[in-house]
Amino acid sequence: MKKVIIVNGSPRKNWNTAKMCESFANGVKEADGEAEIINLYDVDFKGCRSCFACKLKNGKNYGKCAYPDGLTPILEKISASDGLVVASPIYCSDVTGVTRCFIERLTFPFFEYKEGYPSIAPKKLKTAMIYTMNVSETLSNQMYPDMFDKTEFMITTVFEKPVRIFAYDTYQFADYDKYVVEVFDKNEKLKQKEQQFPKDLQKAFEAGKNMIESIR
Ligand SMILES: Cc1cc2nc3c(=O)[nH]c(=O)nc-3n(C[C@H](O)[C@H](O)[C@H](O)COP(=O)(O)O)c2cc1C
């Protein structure tokens, strides 16, 4: 059975990004694949510590992240899987810090400092990125013209180019009346949540199905 690891880089386990992850997982299962969701905020780890064990000549950890912490078994699982999904909300115009730390640890060891920067990942994994954010699609295009390419650069270099799935204009608070939110119209947000978000979930579901079908 083909296995896909879905990494949720949001701290909220039942909100927009998590729901997109679940929907992707359901698509994987629909196509008879196996999906496992990992909530990064539950994992005890930090970003790359620049120890360079992964680049040491004749080193026993050449091409592997040698730093032992909560991420170690997850990195091993990803190397043994067939597909990878990285999902993140946009925080301060980028993916979450935890998501960035994860991308460093996962991809840098596979990126050889040799002519053409070849990948020594054990497999050319199929990949997808899920992004959720407060801004509309139009604003996202204006504000983040190259952020997604930059985020995905290392993933594209060591694995396959990711498929992208977006949820824009997400519903952020359980009760908009309790918070100071003058710049977003709660009725517009509710409309988006009820009418658009189900379509975004469906896109994630289809992408999950397609990932398994493309691996076969
Ligand atoms: C610290 C923080 C920073 C944020 N920065 C942005 C931002 O720069 N652009 C944006 O569109 N949304 C921003 N948001 C909103 C989230 O990206 C959006 O609500 C997202 O869908 C939340 O995902 P979740 O529901 O899975 O937690 C921010 C939210 C937080 C908590």
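Each reported figure results from applying straightforward, stated rules to the coordinates on display, with no laboratory input. This is a predicted model, so every value here is computed, not measured. Note that each Cβ is placed from the backbone with ideal geometry, even for glycine, and that neighbours are counted across all protein chains shown.
Here are some notes:
- Built amide H within the under 5 Å cut-off of Thr96, gap 5+: Tyr91
- Tensor-based shape of the stretch 59-116 (alpha-carbon gyration tensor, a/c under 1.5 rounded, otherwise prolate or oblate): prolate
- Label point 7 Å beyond Cα of Tyr117 along Cβ direction - residues of the stretch 38-66 with amide nitrogen under 19 Å: 48-56, 63-65
- Under the criterion of Cα pairs below 8 Å and six or more residues apart, the relative contact order for the stretch 3-215 equals 27 percent.
- The trypsin sites (Lys or Arg not before Pro) of the stretch 51-89 that meet both conditions, a loop assignment by DSSP and at most 15 other Cβ atoms within 10 Å of the site Cβ, are Lys57, Lys60.
- Simple label model, 7 Å out from Cα along Cβ direction - Ser79 to Ala53, nm: 1.2 nm
- Tail weight of P(r) past 24 Å, computed on alpha-carbon pairs of the chain, percent: 44 percent
- Those aspartates and glutamates that a straight Cα-Cα span of less than 18 Å connects to Lys57, excepting residues fewer than 8 apart in one chain: Glu112, Glu115
- If you sort the three axes of the alpha carbon gyration tensor as a ≥ b ≥ c, you get a/c of 1.5 or more for the stretch 113-216 and a/b above b/c, which makes it prolate.
- Shape category assigned to the stretch 1-91 from the gyration tensor of Cα positions, a/c cut at 1.5: oblate
- Antiparallel DSSP beta bridges within the chain, as percent of all bridges there, nearest 5: 10 percent
- Max mean-square fluctuation residue, GNM over the chain, Cα-Cα springs under 10 Å, options Glu76, Glu206, Glu22: Glu76
- Amide H contacts under 5 Å for Lys3: Glu34, Asp82, Gly83, restricted to partners 5 or more places along the chain or on a different chain, H placed in the peptide plane at 1.01 Å from N.
- Of Lys3/Lys178; Lys55/Lys150; Lys19/Lys60; Lys3/Lys189; Lys2/Lys189, pairs whose Cα-Cα distance is over 31 Å: Lys3/Lys178; Lys19/Lys60; Lys3/Lys189; Lys2/Lys189
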